[in-house]
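Down below is the structure, laid out as structure tokens.
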């Protein structure tokens, strides 16, 4: 697994606004537009219900935008540096939030049926192969029965020659130094994966990009929760 904490230490040292560096503000505007669209279509639960962002980073993306909309915001990230930064971000903005350092494959800090919405903050595509199912099982556990799971993820196959040169089609992964670094699955495969994990797809949309597409998938838990 990449050293996400090292990346966040470097970002802080460089006084960057968030994970995407110079692209952060543009990405934040795109996400705000997506949230507005989903809200206008009544696909999001109403505030002030509790919400969780997976891979919240320094809380300047979904967490901050959701707090501005009046939600009770929680976040989890594997990087302690990011979590410390997230707390500072929210205090500076005058918001309250709970941020936990942890692994999205096992989230014991969050009780069953805790959240009306879980937002995948571009976290799921960082999980490779067998690491994905435990995360989806945990989301299913902590999400309320009538809750919403918003998946924001890279969507393949890649478009650019550079991305294609490091794409492992068999594993549906982008490679970094010949090591799988990001899952890049086509939309039908993503929908099948979520369905098999116990979610019903209620909406999906894909934004086309020069390198690879980006999918936003809205799902709800199926009516019967599996036994653990």
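The values are calculated or read from the model by the stated rules, or taken from the named source; none is laboratory data. These figures come from a predicted structure and were not determined experimentally. Positions of Cβ are backbone-derived with ideal geometry, glycine not excepted, and every protein chain shown enters the neighbour counts.
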Note to self: Looking at the structure I just gave you, is residue 31 within 21 Å of residue 154 (Cα to Cα), within 15 Å of the chain's Cα centre (by Cα) and modelled with pLDDT under 95?
What the structure shows: yes
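Out of 57, 75, I need the residue that is crowded, with 23+ Cβ neighbours inside 10 Å and at pLDDT below 95. Which one? Before you say what the answer is, go through the steps one by one.
Numbers: 75 fails: at pLDDT below 95.
Unique residue meeting the criteria: 57.
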Item checked: Of all residues making up the range 78-112, the number that are free of Cβ contacts under 8 Å to residues at least 40 places away in the same chain, closer than 12 Å to residue 52 by Cβ and in contact with a strand residue (DSSP E or B) (Cβ under 9 Å, 6 or more places away or on another chain) -> 6
Checklist line | From the options 100, 139, residue that is crowded, with 21+ Cβ neighbours inside 10 Å and modelled with pLDDT of 95 or more | finding: 139
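Residues being part of a helix (DSSP H, G or I) and either over 17 Å from the mean Cα position of the chain (by Cα) or farther than 12 Å from residue 60 by Cβ (or both): count how many of those fall in the range 71-87. Outline the logic, then answer.
At the first step, the residues of the range 71-87 found to be part of a helix (DSSP H, G or I) are 80-87.
This time we only want the ones that are either over 17 Å from the mean Cα position of the chain (by Cα) or farther than 12 Å from residue 60 by Cβ (or both), so: 80-81, 83-85, 87.
Within the range 71-87, residues that are part of a helix (DSSP H, G or I) and either over 17 Å from the mean Cα position of the chain (by Cα) or farther than 12 Å from residue 60 by Cβ (or both) number 6.
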Next item on the list: Could you check how many residues of the range 143-178 are in a loop (DSSP other than H, G, I, E, B) and touching a residue at least 40 places away in the same chain (Cβ under 8 Å)?
Entry: 6
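Which members of the range 125-141 meet the condition of being over 22 Å from residue 71 (Cα atoms), assigned to a helix (DSSP H, G or I) and in contact (Cβ under 8 Å) with a residue 12 or more places away in the chain?
Residues satisfying the conditions are 125, 126, 129, 131, 132, 133, 134, 135, 136, 137.
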Check: Among the residues of the range 60-70 satisfying the criterion of being part of a loop (DSSP other than H, G, I, E, B) and touching a helix residue (DSSP H, G or I) at 6+ places or on another chain (Cβ under 7 Å), which is surrounded by the fewest Cβ atoms within 10 Å (Cβ to Cβ)?
Finding: 60
